[in-house]
Amino acid sequence: MQISRTDLADFSYFLAIARHRSFRRAGLELGVSASALSHSLKGLEGRLGVRLLNRTNRSVTLTAAGEELLAGIGSPFEAIGAAVEGLNRYRAEPMGRIRLNVLEHASALLLGPVMPVFVERYPEIAVDVTVTNYLVDVTAQGADAGIRYGGTVPEDMIAQALSGEIRWVVVGAPGYLDRFGTPDHPQALLDHRCLRIRLGDDSLYRWEFEREGEALAIDVPGAITLDDTPFALDLAVGGAGLAYLPEPCVTSRVEQGALRVVLPDWAPMGAGFHIYYSSRRQLPTGLRLLIDLVRELRPLGL
């Protein structure tokens, strides 16, 4: 069949839907409505004479024909994107768009200090950031890269360190500590109110401690479970319980006297942030420039 401009557009829409397995998420990536994508796909299926997707209210899956089309056109479209991206080296001002999927801590501690400088230095590069603590396949989500703690980066990805190791501390409000006492050993936390941490896989985190070669992981008690650091800080300052957080998250509150660090001798060093991306993709210019800027500014050291 002869390929028209409409076919090319519809093929790109199909690839986004296949990548996300969702009309809504594909639409968000492309900047079009889910209904427009559905209309486009129906037109493509009609011209090709085959069904490419099986659609229900809850899922989108590829048919055998859809899988074959994906395998056939995915690489050529990626090659086109890489060729266009390569033109950045001929431009006076780099341009384009990068999509990131990052942890909440990384957004606040790493990107927060860097992005104002980045957008000032590279105003033609658009940055789309999704902040989530859930462990997702960043490639399937349409992101160019993800930022996670070093120990949680998928093994099949290329990873680069963006920070040094990060110290984790327990903090409490002076009023709470005056009322309930200051724990002198990690095991003493079993008698305290603690703000429990929900991880990206929905499991509960066991607070980790280390001193002179001794390591402990405590399943702390507490009535409140959360996965949001600003919320945890507000609750800790309000005296709702002890919180366990990266030290850079609590520094300002400690300096203000709103929180105190407890068990400082047991505070462990954890893996720093790493940016990771698929080895099958050419590194977008904007992403390379962002990595270079993080290493230049070093908001968390490196």
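The values are calculated or read from the model by the stated rules, or taken from the named source; none is laboratory data. Here the structure is a predicted model, which means the values were calculated and not measured. A quick note on method: Cβ atoms are made from the backbone with ideal geometry, for glycine too, and the neighbour counts reach across all protein chains shown. Note: areas computed on protein heavy atoms with side chains; ligands, DNA, RNA excluded. Shrake-Rupley method; radii C 1.70, N 1.55, O 1.52, S 1.80 Å.
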Which residue is modelled with the highest pLDDT, if the candidates are limited to the stretch 251-287 and must be more than 12 Å from VAL170 (Cα to Cα) and basic (Lys, Arg)? ARG253
Scan the stretch 231-262 residue by residue and report those that are part of a helix (DSSP H, G or I) and open to solvent by 70 Å² or more (accessible area, probe 1.4 Å). PHE231, ASP234, GLU255, GLN256
Strands (runs of 3 or more DSSP E) contained entirely in the stretch 18-133, each with at least 3 residues that are within 19 Å of the chain's Cα centre (by Cα) and at pLDDT below 85: none
Output for the stretch 140-175, where each listed residue is in a strand (DSSP E or B), charged (D, E, K, R) and surrounded by 20 or more Cβ atoms within 10 Å (Cβ to Cβ): ARG148
As an exercise: evaluate LEU302 against (1) farther than 22 Å from LEU135 by Cβ; (2) among the hydrophobic types (A, V, I, L, M, F, W, C); (3) open to solvent by less than 20 Å² (accessible area, probe 1.4 Å) and give the number of the one condition it does not meet. (3)
Test set (1) in contact (Cβ under 8 Å) with a residue 12 or more places away in the chain; (2) surrounded by 12 or more Cβ atoms within 10 Å (Cβ to Cβ); (3) under 22 Å from GLY272 (Cα atoms) - VAL220 fails condition number: (3)
In the set ASP137, ASP201, ASP184, which member is out of contact with any Ser or Thr (no Cβ under 8 Å at 6 or more places or on another chain), of a type in the set (Asp, Glu), loosely packed, with under 15 Cβ neighbours inside 10 Å and farther than 28 Å from ARG24 by Cβ? ASP184
Across the stretch 187-198, which residue is farthest from LEU135 (Cα to Cα) among those that are open to solvent by less than 90 Å² (accessible area, probe 1.4 Å) and either basic (Lys, Arg) or in a loop (DSSP other than H, G, I, E, B) (or both)? HIS192
Pairs, first under 10 Å from PHE209 (Cα atoms) and open to solvent by less than 20 Å² (accessible area, probe 1.4 Å) in the stretch 263-278, second in a loop (DSSP other than H, G, I, E, B) and not polar (S, T, N, Q), C-beta under 9 Å, six or more apart: LEU263/PRO183; LEU263/ASP184; LEU263/HIS185; TRP266/HIS185
